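Here's the structure, in structure tokens; my notes come after.
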Amino acid sequence: VTLGEYSSVEIEPEVIDVSDEAVDRVIAQLRESRATWEPKDGTVGADDMIIADIVMDLESDPESGNRRTERNGSEIIIGKNGFPPGFDSGVDGMSVGDTRKFAVIWPAVPRTAENGETEVAPREALFTVTVHELRYQSLPVVDDEFVKSVSEGQFETRDDLLADIRARLTVESLRNARSRTENKVVDAAIAGATFEIPARLIELEAHYLEDEERESFARRRMTIERYLQLTGQTQESWHAQLHEAAERQIKARTLLDAIVEREGLVVDTSEVDREVAETAASYPTDAARVRKELNSADSRRRISTSILRHKAIEKLVGYVGGYPEPTTVTRSELSDGQSHSEVEETPSE
């Protein structure tokens, strides 16, 4: 790698904003978690729950033929269910005891076949719905009793709870902003450097990332093929993403190692010891075994490399003015247009 002028890179600074709106969203989630469903008179509307019998006749396709599905006593929340578009409007206005038939279009479903990508065309689904019960969501009032309940007695008043929520959001926002800052400076330094990376090396890294993702999905009892189907991706687009991520990781590692050498960065034994101790402490029931494994020569070498690379990242962050500091945004300041951005992963060993 030929390093560029990494000490003069510029990035868009991160803004840490914890607005009243963000705090309100957490309060809303807490209220919803303690909500109850109460009987409702009248007709089905937005956000209501219905207890219903459902019969669905799905138009045939070449693979599976006609399909009928029957579900009795299903609990369905309007606006928060897995039915296709048109279902919610189909039951809108129904009353307890009503039976209604209506048709909706089931969206096209991408599938991965052995001979490549295929797609099942949109199909008509005919629903027969009989409503047995109608309920509405009753949200609790945010009073002292609510505060004591959701905080398990840790807080007494609403103001105490709000202050704690804001503090937690600030810590989370700061952590995410630091991560984004690190990624930005590394990407900026990569853009200014020149690399000669063998294509074979990128392919090997991409295969490694693919194996990691497959194992991750397997632990969640899902296949990559099913994931691609749900997200509407193809094998080609997924592999392109892996290839891009692999190239970025190799460039990041190569760049940071070169900066370590250029800057004369070093790591001493005590830093590795501290990392080993902190990691082992996070496994209280197995700390001795973890500590022994981490103290092997190979593990200590990997830890040392990781520490050095992070020192290189911190050096880059220092060149752009350091890490962001938290600020508090109130309702009156929301018009400034500050917003959160997506969290990215920092380069790692």
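The values are calculated or read from the model by the stated rules, or taken from the named source; none is laboratory data. What you are looking at is a predicted structure, and each value in this text was computed from that prediction instead of being measured. Quick reminder, even Gly has a Cβ in these numbers, built from the backbone with ideal geometry, and neighbours come from all protein chains shown.
Taken together, the residues in region 77-109 that are surrounded by fewer than 17 Cβ atoms within 10 Å (Cβ to Cβ), closer than 16 Å to S60 by Cα and at pLDDT below 95 amount to 4. Does at least one position in region 129-138 carry a residue that is assigned to a loop (DSSP other than H, G, I, E, B) and either surrounded by 15 or more Cβ atoms within 10 Å (Cβ to Cβ) or at pLDDT 90 or above (or both)? Taking every residue of region 129-138 in turn, none turns out to be assigned to a loop (DSSP other than H, G, I, E, B) and either surrounded by 15 or more Cβ atoms within 10 Å (Cβ to Cβ) or at pLDDT 90 or above (or both). Screening R274, R262, R289 for residues that are assigned to a helix (DSSP H, G or I) and touching a residue at least 24 places away in the same chain (Cβ under 8 Å) leaves exactly one candidate, R262.
Residues that are loosely packed, with under 12 Cβ neighbours inside 10 Å and within 30 Å of P122 (Cα to Cα) do occur in region 35-49.
Would region 206-216 turn up any residue that is modelled with pLDDT of 95 or more, under 30 Å from G318 (Cα atoms) and either surrounded by 13 or more Cβ atoms within 10 Å (Cβ to Cβ) or aromatic (F, W, Y) (or both)? No; the residues of region 206-216 include none that is modelled with pLDDT of 95 or more, under 30 Å from G318 (Cα atoms) and either surrounded by 13 or more Cβ atoms within 10 Å (Cβ to Cβ) or aromatic (F, W, Y) (or both).
Mind telling me which of the residues V23, V15, V44 ends up being closer than 26 Å to S149 by Cα and in contact with a helix residue (DSSP H, G or I) (Cβ under 9 Å, 6 or more places away or on another chain)? After applying the criteria, what remains is V23.
List every residue pair whose Cβ atoms lie under 7 Å apart, where the two residues are 6 or more positions apart in sequence or sit on different chains, the first residue falls within region 25-43 and is among the basic types (K, R), and the second residue, located anywhere, is not in a helix (DSSP H, G or I). Short answer, once both residue conditions are applied: R31/L139; R31/P140; R31/V142; R34/P140; K40/D48; K40/L134; K40/R135; K40/Y136.
In the set R248, R214, only one residue is part of a helix (DSSP H, G or I) and under 20 Å from the mean Cα position of the chain (by Cα); that residue is R214.
Check region 252-259 and report whether any residue there is β-branched (V, I, T), surrounded by 15 or more Cβ atoms within 10 Å (Cβ to Cβ) and farther than 25 Å from S7 by Cα. Checked region 252-259: no residue is β-branched (V, I, T), surrounded by 15 or more Cβ atoms within 10 Å (Cβ to Cβ) and farther than 25 Å from S7 by Cα.
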